[in-house]
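Peer 1: Quick one: structure below, then a few questions.
The values are calculated or read from the model by the stated rules, or taken from the named source; none is laboratory data. The shown structure was predicted, so the numbers you read here are calculated from the model rather than taken from an experiment. With ideal geometry, Cβ positions are generated from the backbone for all residues, glycine too; neighbour counts draw on all protein chains shown. These accessible areas exclude ligands, DNA and RNA; they are computed on the full protein's heavy atoms, side chains included. Shrake-Rupley method; radii C 1.70, N 1.55, O 1.52, S 1.80 Å.
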Amino acid sequence: MKHNILATVLFFLASLTLAVITPTVLRTSRETEIKGQLMAGHIYDELQSSLFRPIIISEAMATDNLLLNTLKNERSTSKKEMEELMSSYLAGIKENFGYIAAFVISTDTRRYYTPNGIAKIIDPECDPYDIWYQVFLNSGKKMSLDTDRDQVNGYRWTVFINSRICDESGRLIGVCGVGLFMDDLQKIIEHEEKAHNLKINFISKDGLVQVDTDSSNIENAYISEAITDRAEEKEFTFRRRSSGGWRMVRLMPEVDWFLVIQKFSRSETKNYISYIIFLYVIFVLFLAVSIQKKPKMNIHSLIKSDATKDPLTGLPNRNYVRDNFGEQGIFNTTRYKSLAMFDIDCFKSINENRNGNEILLGIVAILNQEVENRGLVFRWAGDEFVCFLEMEVQEAENVFKKICNQTFEKLQVTISAGIVEVDLTESIKTNYHRAVQLCYSVKEKGGNGVKRKA
């Protein structure tokens with residue numbers, strides 16, 4: 001009897017306190033979110049304007065008749081004269097707009113024109129830094145952003161705005177663009193971070209950091225949890241952090257990146273929330289006492305999704321590589337003899353007309369069957385997969401030829417694969433880029449194949 005009276009008193013006190021405090025907490029919480037939205041909107045507008053100008057310049061270059069006509073007449077113009085014409089044109093971009101990293105690439109000759117002349121001949125098969133060019137062409141996008149080190153300007157981190165140059169018939173004749181030096185963008189972000197005690201990043205759609213005030217994080221760190229917020233372009237999502245603070249995410253459609261704004265300090269509602277949690281615990285204890293004589297039910301634990309696994313396929317992702325092979329990404333074992341990288345040919349159009357997820361799961365089933373326990377398979381990004389294989393390159397090539405055939409027979413799609421012998425003196429990233437070069441070499445010949453290099 002006394003036990004029931006005590007439980008009833010506890011329940012009454014908890015309910016009364018909750019009734020008093022909860023409206024205050026909710027009101028304060030809502031005010032915090034509104035302030036955060038206003039602050040994030042200001043930051044979004046400022047960063048958008050910083051990126052919008054070079055985007056406009058890059059798009060204007062792509063439709064400039066002078067540039068189009070110069071490229072169309074490249075074959076009938078001497079190399080020296082062509083270099084002078086393009087240097088003069090790009091020097092004008094540099095002088096008028098202040099973009100030193102202005103460039104034009106001819107699709108025909110693959111010359112990389114800069115304000116200072118021809119810097120190089122683009123060759124994705126031999127130079128890992130040139131892979132971006134083939135990736136951009138294969139994407140089919142009219143314009144895209146790419147964070148990379150600028151070889152022409154002392155390997156400075158740069159945000160490149162790349163645009164396709166097409167003639168009147170729509171035929172691709174070149175790629176042009178300008179580069180926004182990362183340190184210029186970092187100054188803007190750093191000012192906002194210090195002013196509001198925030199952390200600001202741009203990330204790609206797979207969570208890879210593209211812009212950060214700490215350059216060591218660029219294309220090396222992930223904010224994977226931000227992807228789960230499913231942000232869109234119209235407004236910021238708002239998520240409170242369990243340890244205090246919050247995270248806001250919004251898609252910037254012009255660049256196809258997510259803007260992530262985070263506050264890590266404890267919020268002003270933290271103490272209130274702690275009280276509410278405490279009272280809810282009392283309430284739960286009361287319920288437990290009330291039903292202790294009822295038959296017990298089976299309780300199943302909820303398993304949180306592992307950040308190192310891809311939620312669709314269950315395969316490990318890039319985070320797994322970082323966590324298990326270190327931040328520098330070095331092979332720490334001799335068990336893996338070869339590395340394979342492949343993706344689905346024309347997956348964008350396939351995904352628009354068919355169920356892309358079913359195709360990805362079908363390919364994973366084929367991979368598991370053929371690779372079995374002789375390697376690790378990763379979903380790297382989108383329709384791209386990477387394999388660390390415990391087999392020599394010759395055997396790996398034969399295995400992937402089977403995978404190619406089965407993929408076409410069972411799923412009516414084709415893949416392109418590149419396979420290299422693992423070089424333990426090089427980083428995983430370098431081994432990966434060697435495989436990517438071979439993969440794109442297959443794609444240039446129509447796809448649906450495997451190419452290896454010992």
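Peer 1: Given the residues 314, 329, which is the only one that is farther than 28 Å from residue 445 by Cβ, modelled with pLDDT of 85 or more and not in a helix (DSSP H, G or I)?
Peer 2: Values: 329 fails: modelled with pLDDT of 85 or more.
Exactly one of 314, 329 is farther than 28 Å from residue 445 by Cβ, modelled with pLDDT of 85 or more and not in a helix (DSSP H, G or I), namely 314.
Peer 1: Can you tell me which condition residue 187 does not meet? The list is (1) of a type in the set (Lys, Arg); (2) farther than 27 Å from residue 97 by Cα; (3) free of Cβ contacts under 8 Å to residues at least 12 places away in the same chain, and all the others hold.
Peer 2: (2)
Peer 1: Something else about it: Among the residues of the stretch 402-422 satisfying the criterion of being assigned to a helix (DSSP H, G or I) and hydrophobic (A, V, I, L, M, F, W, C), which is most open to solvent (accessible area, probe 1.4 Å)? It would help to see each step written out before you state the result.
Peer 2: Taking the stretch 402-422 as the starting set, the residues that turn out to be assigned to a helix (DSSP H, G or I) are 402-411.
From the residues that got through so far, the ones that are hydrophobic (A, V, I, L, M, F, W, C) too are 403-404, 408, 411.
On the way: 403: 1, 404: 8, 408: 114, 411: 27 Å².
Restricting to residues being assigned to a helix (DSSP H, G or I) and hydrophobic (A, V, I, L, M, F, W, C), the top hit is 408.
Peer 1: Here's a follow-up. Quickly run through the stretch 439-454 and pick out the residues that are at pLDDT 85 or above, out of contact with any Asp or Glu (no Cβ under 6 Å at 6 or more places or on another chain) and either surrounded by fewer than 21 Cβ atoms within 10 Å (Cβ to Cβ) or farther than 27 Å from residue 323 by Cβ (or both). So that I can check it myself, show each step before the final result.
Peer 2: Residues of the stretch 439-454 at pLDDT 85 or above: 439-443, 445-452.
Those left that are additionally out of contact with any Asp or Glu (no Cβ under 6 Å at 6 or more places or on another chain): 439-440, 442-443, 445-446, 448-449, 451.
Matches in the stretch 439-454: 440, 442, 443, 445, 446, 448, 449, 451.
Peer 1: Can you tell me how many residues in the stretch 80-90 are under 16 Å from residue 60 (Cβ atoms) and either among the polar types (S, T, N, Q) or open to solvent by 20 Å² or more (accessible area, probe 1.4 Å) (or both)?
Peer 2: 1
Peer 1: For the stretch 362-377, indicate whether the set of residues that are in a helix (DSSP H, G or I), touching a helix residue (DSSP H, G or I) at 6+ places or on another chain (Cβ under 7 Å) and of a type in the set (Asp, Glu) is non-empty.
Peer 2: Yes - at least one qualifying residue is present in the stretch 362-377.
Peer 1: Further question: Please specify each residue of the stretch 210-223 satisfying the condition of being of a type in the set (Ser, Thr, Tyr) and buried (at least 18 other Cβ atoms within 10 Å of the Cβ).
Peer 2: 213, 222
Peer 1: Then there's this: Can you find even one residue in the stretch 263-277 that is at pLDDT 90 or above, under 28 Å from residue 159 (Cβ atoms) and either open to solvent by 20 Å² or more (accessible area, probe 1.4 Å) or outside any strand (DSSP E or B) (or both)? Explain how you work it out, then say what you get.
Peer 2: If we filter the stretch 263-277 for residues that are at pLDDT 90 or above, which is where we start, we get none.
Looking through the stretch 263-277, none of the residues is at pLDDT 90 or above, under 28 Å from residue 159 (Cβ atoms) and either open to solvent by 20 Å² or more (accessible area, probe 1.4 Å) or outside any strand (DSSP E or B) (or both).
Peer 1: Additional query: Among the residues of the stretch 198-236, count how many are of a type in the set (S, T, N, Q) and touching a helix residue (DSSP H, G or I) at 6+ places or on another chain (Cβ under 9 Å). Explain how you work it out, then say what you get.
Peer 2: First, the residues of the stretch 198-236 that are of a type in the set (S, T, N, Q): 201, 204, 210, 213, 215-217, 220, 224, 228.
Then keep just the ones that are touching a helix residue (DSSP H, G or I) at 6+ places or on another chain (Cβ under 9 Å); that gives 201, 213, 215, 220, 224.
Qualifying residue count for the region: 5.
Peer 1: Working only within the stretch 62-77, note down all residues that are open to solvent by less than 60 Å² (accessible area, probe 1.4 Å) and over 34 Å from the mean Cα position of the chain (by Cα). Full working, then the answer.
Peer 2: Going through the stretch 62-77, the residues open to solvent by less than 60 Å² (accessible area, probe 1.4 Å) turn out to be 62, 64, 67-68, 70-71, 74, 77.
70, 74, 77 - these are the residues of the stretch 62-77 that are open to solvent by less than 60 Å² (accessible area, probe 1.4 Å) and over 34 Å from the mean Cα position of the chain (by Cα).
Peer 1: What number of residues within the stretch 96-147 are within 17 Å of residue 210 (Cβ to Cβ) and open to solvent by less than 30 Å² (accessible area, probe 1.4 Å)?
Peer 2: 6
Peer 1: When residues of the stretch 350-374 are filtered for being open to solvent by 20 Å² or more (accessible area, probe 1.4 Å) and without any contact (Cβ under 8 Å) to a residue 40 or more places away in the chain, how many remain?
Peer 2: 13
Peer 1: Could you tell me which residue of the stretch 119-165 is nearest to residue 52 (Cα to Cα), considering only residues that are among the β-branched types (Val, Ile, Thr) and in a strand (DSSP E or B)?
Peer 2: That would be 161.
Peer 1: Here is a check on your reading of the model: is residue 389 of a type in the set (A, V, I, L, M) and in contact with an Asp or Glu (Cβ under 8 Å, 6 or more places away or on another chain)? Explain how you work it out, then say what you get.
Peer 2: Details: of a type in the set (A, V, I, L, M): yes; in contact with an Asp or Glu (Cβ under 8 Å, 6 or more places away or on another chain): no.
No.
Peer 1: In the stretch 296-311, which residues are at pLDDT 80 or above and either of a type in the set (Lys, Arg) or open to solvent by less than 60 Å² (accessible area, probe 1.4 Å) (or both)? Before you say what the answer is, go through the steps one by one.
Peer 2: Of the residues in the stretch 296-311, the ones at pLDDT 80 or above are 308-311.
The answer is 308, 309, 310.
Peer 1: If a residue has to be touching a residue at least 24 places away in the same chain (Cβ under 8 Å), over 29 Å from residue 148 (Cβ atoms) and acidic (Asp, Glu) to count, how many in the stretch 396-446 make the cut?
Peer 2: Matching residues across the stretch 396-446 total 1.
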